[in-house]
Amino acid sequence: MRKRIRNFFLTHVPILIKAHLLHKVPLFYPFLEIKPSSSTIMITDRCNMRCRMCGQWQKPGRKELETGDWKRIIGDLKKNGIRNVHFTGGEPLLRADLAELVSFSTKRGLTAGLTTNGILLRDEALQRLIDSGLRSIAISVDAVGDSYEVIRGVAGSFVKIKEALSLVSGMRKNKTIDAYMHFTLMKGNLDKLKSVKALADEYGLPLGICLLDKSSSIFALEKNKREFWITEDEDFERLENILEFLKYEKIKSPGSLLINFPAIEFIKEYFKSPRQAHIPCISSQERVIIDPYGNLLGGCMSMGSFGNINVRPFGGIKKEKKYRVAKKNMFYKKCDGCSCGYFLNIRWFAPLIFKDFLQRIGRFELTGRKKQNV
């Protein structure tokens, strides 16, 4: 508890203040720049799923960085103020050295997390990661039963996912590791959210809501715009019903969802206009993303590479004009907009924090009914 309080005042509050001032007075940016403290390492493009909305598994095979390369990069990130590292992919469990890299990170004082599809997550593998110091794990689940397998493109996979959920649920109950589920919301699974929420409740796992992105290198597929993007009036009506459901669930069991009320309201506006320029992109300032080949993508995957961190240290790249100009542009959303880190942007934006506070104490009509009658 003490560590969380200390982290709140030393990390969260300064970012909150800086973001608000920079949003109001852009001239302050060179003096109040938010320095990155987190890194997302896309450790592999390889994946054992064939998700319909994802292009990452369709990329041609290339030689990925080796263990020694990643250790050097992680050490460099630590020297440059990075305190958290999150491993993702592709499917990171396809890397035989994942536990070794987690251990290397945590022994140097970094907090390590993992996002996985869960197919390869078995007791021995999870225990090895926990013993290596892994702090948190997220499992992506976009539907249940046959619908899950249609979206993910692998027959018989849902049974394995339930086994993985049961495993991490038990570890979470024992306070061995923090665990939660992720659901990627899109046109094709609007009607599946309630069943996924019920599944998350069954296993006692909080549910995070990710939003389909059509601008990043992973999700910029033509069929995403055509098949999975929410555009029609009837789809927005279905979305409205889902958002009312989320508000109700947030009132009933606040800890069961990893988003707040302004984030729920943001979802509809995002599908109408992804940029949402009135909310600064704070997540692009607070983190850096590195692809499997060492390319530094800054804090947003849609901005391209700023150099290879395996060739040039992060400390050098972050001082270059190209990186600094792009970083500022990301904060002020001089881009097409995306959903990457949207909840962090809302959580660190003062006006929306205040709005969430008012909604939590019942000052707003949240579900079209009086809160006491919900």
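The values are calculated or read from the model by the stated rules, or taken from the named source; none is laboratory data. Owing to the predicted nature of the structure, the values given are computational and were not obtained by experimental measurement. We place every Cβ from the backbone using ideal geometry, glycine too, and count neighbours over all the protein chains shown. These area figures cover heavy atoms from the full protein model, side chains too; ligands, DNA and RNA do not enter into them. Shrake-Rupley method; radii C 1.70, N 1.55, O 1.52, S 1.80 Å.
Structure summary
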| read-out | value |
| --- | --- |
| Point-to-point label distance, Glu163-Leu32, nm (Cα→Cβ direction, 7 Å offset) | 5.3 |
| Relative frequency of Cα-Cα separations exceeding 24 Å in region 232-374, percent | 44 |
| Rh by Kirkwood over Cα pairs, then Stokes-Einstein D for region 1-53 at 1.306 mPa s and 10 °C, µm²/s | 110 |
| Relative frequency of Cα-Cα separations exceeding 15 Å in region 170-211, percent | 43 |
| Per-q log10 I(q)/I(0), the chain, q = 0.15 Å⁻¹ (Debye; single scatterer per alpha-carbon; no solvent) | -1.63 |
| Spin-label model distance (nm) - Leu10 vs Val150, 7 Å beyond Cα toward Cβ | 5.0 |
| Peptides ranked, highest mean first, by Cβ atoms within 10 Å: ranges 167-179, 37-49 | 37-49, 167-179 |
| Built amide H within the under 5 Å cut-off of Asn48, gap 5+ | Glu91 |
| Kirkwood Rh, angstrom, region 18-128 [1 / mean 1/r, Cα pairs] | 16.0 |
| Accessible area per residue in Å² at 1.4 Å probe, computed on region 162-263 | 42 |
| Ala350-Ser273 pseudo-label distance in nm [points 7 Å out on the Cα-to-Cβ vector] | 2.4 |
| All-pairs alpha carbon distance profile, region 99-218, 10 Å steps from 0, percent | 13, 42, 32, 12, 0 |
| Globularity index of region 88-144, i.e. its alpha-carbon radius of gyration over 2.2 N^0.38 Å | 1.10 |
| Proximal lysines relative to Lys197, as straight alpha-carbon distance under 20 Å, when same-chain residues fewer than 8 apart are discounted | Lys160, Lys162, Lys173, Lys187, Lys247, Lys250, Lys252, Lys268 |
| Separation between Cα centres of region 236-265 and region 158-219, rounded to whole Å | 15 |
| Most mobile of Lys214, Lys319, Lys333 in a GNM of the chain (Cα contacts under 10 Å) | Lys319 |
| Net charge dipole size for the chain [Lys, Arg +1 and Asp, Glu -1 on Cβ; Debye, nearest 20] | 1600 |
| Surface share of carbon and sulfur [accessible, 1.4 angstrom probe, percent] for region 67-203 | 47 |
| Centroid-to-centroid separation of region 24-81 and region 278-305 [C-alpha atoms, Å] | 7 |
| Convex hull (Cα only) mean projected area of region 174-282, reported in nm² to one decimal | 8.1 |
| Segments 75-85, 133-143 sorted - mean Cβ within 10 Å per residue, highest first | 133-143, 75-85 |
| Surface/4 of the Cα convex hull for region 226-265, nm² | 3.2 |
